[in-house]
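Q: Attaching a single structure in structure tokens format; questions to follow.
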Amino acid sequence: MAEVLVVVEASGGTVKKVSLEMLTMARALGTPSAVVFGDAAGLADKLGEFGAEKVYVASGDDVESYLVAPKATVLAQLVKDVQPAAVLLGSTQEGKEIAGRLAVKLDNGVLTDVSALEPDGTATQVIFAGSAIVKSKILGGIPIVTVRPNSLTPVAAPVTPAVSNLDVAVGDADRLAKVVERVAEAKGARPELTEASIVVSGGRGVGSAENFKLVEELADLLGAAVGASRAATDSGFYPHAFQVGQTGKTVSPQLYVALGISGAIQHRAGMQTSKTIVAVNKDAEAPIFELADFGVVGDLFQVVPQAAEEIRKRK
């Protein structure tokens, strides 16, 4: 079977969940091979656990000290050498940019925000701010696909991967944007928003930044990440980095809890592929209830403390 190249997303020496999802997805298309940019120390075993039979490593100053242009160049050369069945990348800011640059270099089609991929390359996408689901297929070249996080559950398929170091040969045009400083973002105990299996989000109905402690409390009891609607972040209730929606982050957890969120199309575009949606809103006509699997019409300041108390009893 032909190789399927999976561009690995990693942070702090840990493989991100979306990479394990892509390795699982790749097994339906061919033989998974992982591509790591930068330090691969400690990653190969984890990648092999989820089916990566080969791990290609591209490291060195030309890759690590510049933005995405060198990565796209190295990946384009690898595609020409390997002739893979497909290339999978995460639907992150960097993943989408690499995919776009790669498509230009190869004169190839590209599909973004894919939630499922069939063996023949047919992809499932949610488009137009979540108002439609379409089946798409690249007609020119191999499938270059960015995969929406939390689209499927990673399934282990242990193998012992062969590790190969790639020759990094980039031109001056790839060195036009240099990284001059890196600052590690302080991480809390909560899971990463785009990778969390449970997300609890608050909206305008939460009322204030102080009241967002109620959202955080429920999230911590559930082991969830905290999100917020655009209305909440624009009102200063919560940082914009946690915004869920068309102009924020896209999430697709197993459980999404919406507290005081009306459910405008902008917000729905970022969370409507969640497996189970629970909504609490005092407005029975709120659009969020059209999407919710379970809805509670009531005051969140009464409903959430009761729910929190029941969760504590069961712990």
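Q: Restricting to the stretch 125-146, what's the tally of residues that are buried (at least 16 other Cβ atoms within 10 Å of the Cβ), outside any loop (DSSP other than H, G, I, E, B), of a type in the set (A, V, I, L, M, F, W, C) and at pLDDT below 95?
A: Total meeting the criteria: 1.
Q: Please verify whether LEU214 is within 23 Å of the chain's Cα centre (by Cα) and in contact (Cβ under 8 Å) with a residue 40 or more places away in the chain, treating the condition exactly as stated.
A: Judged against the criteria, LEU214 is not a match.
Q: May I ask you to list the residues in the stretch 244-277 that are of a type in the set (Ser, Thr, Tyr) and either touching a residue at least 40 places away in the same chain (Cβ under 8 Å) or crowded, with 18+ Cβ neighbours inside 10 Å (or both)?
A: Scanning the stretch 244-277 gives THR250, SER252, TYR256, SER262, THR273, SER274.
Q: Among the residues of the stretch 185-204, which ones are among the hydrophobic types (A, V, I, L, M, F, W, C) and surrounded by fewer than 16 Cβ atoms within 10 Å (Cβ to Cβ)?
A: Correct list: ALA186, ALA189.
Q: Report yes if some residue within the stretch 27-46 is buried (at least 22 other Cβ atoms within 10 Å of the Cβ), assigned to a helix (DSSP H, G or I) and at negative phi; otherwise report no.
A: Looking through the stretch 27-46, none of the residues is buried (at least 22 other Cβ atoms within 10 Å of the Cβ), assigned to a helix (DSSP H, G or I) and at negative phi.
Q: Specify which of the listed residues (VAL199, VAL303, VAL280, VAL296) is without any contact (Cβ under 8 Å) to a residue 60 or more places away in the chain, aliphatic (A, V, I, L, M) and either in contact with a Pro (Cβ under 9 Å, 6 or more places away or on another chain) or part of a helix (DSSP H, G or I) (or both).
A: VAL303
Q: Further question on the same structure: Return the residues of the stretch 93-112 that are under 19 Å from the mean Cα position of the chain (by Cα) and surrounded by fewer than 18 Cβ atoms within 10 Å (Cβ to Cβ); say none if nothing qualifies.
A: GLN93, GLU94, LYS96, GLU97, GLY100
Q: So, ARG182, is that one in contact with a Phe, Trp or Tyr (Cβ under 8 Å, 6 or more places away or on another chain) and either of a type outside the set (D, E, K, R) or surrounded by fewer than 16 Cβ atoms within 10 Å (Cβ to Cβ) (or both) or not?
A: no
Q: Which of the following residues is of a type in the set (Ser, Thr, Tyr) and in a helix (DSSP H, G or I): THR233, THR194?
A: THR233
Q: Can you name the residue in the stretch 59-109 that is without any contact (Cβ under 8 Å) to a residue 60 or more places away in the chain and either not assigned by TED's automatic domain parsing to the domain that holds ASP167 or not in a helix (DSSP H, G or I) (or both) and, of all such residues, is farthest from ALA34 (Cα to Cα)?
A: Only one residue tops the list, namely ASP107.
Q: Mind telling me which of the residues GLY223, GLY207, GLY236 ends up being closer than 12 Å to PHE301 by Cβ and surrounded by fewer than 19 Cβ atoms within 10 Å (Cβ to Cβ)?
A: GLY207
The values are calculated or read from the model by the stated rules, or taken from the named source; none is laboratory data. A quick note: this is a predicted structure, and the numbers were derived from the prediction, not measured. Cβ: placed from backbone, ideal geometry, glycine included. Neighbour counts: every protein chain shown.
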